[in-house]
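Here is the structure we will look at, set down as structure tokens.
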């Protein structure tokens, strides 16, 4: 008689990851979250839904010098900002993400990046939008490229395995603009005013670029508190 226990089915979680591609803490948070998911696998499986948030929705197309913008926005000196950037570089390196010194010299408008990500979620293969998200974070923080420039967006879309012609059509129009604005309004209307914001099963909020251990603990707690009936299909 075979008495081997039948493996239990994994607990499934929905994760809404609210972020901007020009947010360094969002890059840290995404990598830490994914590493936490690796730690809890195979007991917990998650479906990540990328949600838009613009740190600088009124930013002009040509962008603005990073230190000037952040100094004015937060009232901090250039030396203080450089110290913060150095700390961010160290946090990123520990997670395997490179914040290249001097790469983020300007801050840009990211609305078109969010439109393209929204499109990628509807037409791409599973994981394509997340792959594009990673590519855009690297484009900005590692390569020093403008994540709002159409040529950059098209290049990264193709690299993520998405249809280049389809991406070009989206960028040449106002497609997904209303969808992005509605989702941005939804999240700000629910109290999200800083990112990253990670919402587990539409119930529990984890704010900021937390360490891997913090995300791991949150995932396990959410899984333990989530009845099977609440699991996403």
Handout entry: Selected residue (criterion: farthest from the chain's Cα centre (by Cα)) from residues of region 8-47 that are within 17 Å of residue 114 (Cβ to Cβ) and in a strand (DSSP E or B)
Key = 16
Exercise for the section: Can you tell me which residue among 202, 224, 210 is over 18 Å from residue 23 (Cα atoms), touching a strand residue (DSSP E or B) at 6+ places or on another chain (Cβ under 9 Å) and not in a helix (DSSP H, G or I)? Expected result: 202
Problem - Tally, over region 38-62, of residues that are in contact with a strand residue (DSSP E or B) (Cβ under 7 Å, 6 or more places away or on another chain) and buried (at least 19 other Cβ atoms within 10 Å of the Cβ) - result: 7
Problem - Subset of region 92-137 [free of Cβ contacts under 8 Å to residues at least 40 places away in the same chain and in a helix (DSSP H, G or I)] - result: 93, 94, 122, 128, 131, 132, 135
Problem - For residue 69: the one exception among (1) touching a residue at least 24 places away in the same chain (Cβ under 8 Å); (2) in contact with a helix residue (DSSP H, G or I) (Cβ under 9 Å, 6 or more places away or on another chain); (3) closer than 19 Å to residue 147 by Cβ; (4) assigned to a helix (DSSP H, G or I) - result: (2)
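Quick note: the coordinates plus some simple rules give every number you see, no bench work behind them. Because the structure is a prediction, the values reported are computed rather than measured. No Cβ is skipped: glycine too gets one built from the backbone with ideal geometry, and neighbour counts run over all protein chains shown.
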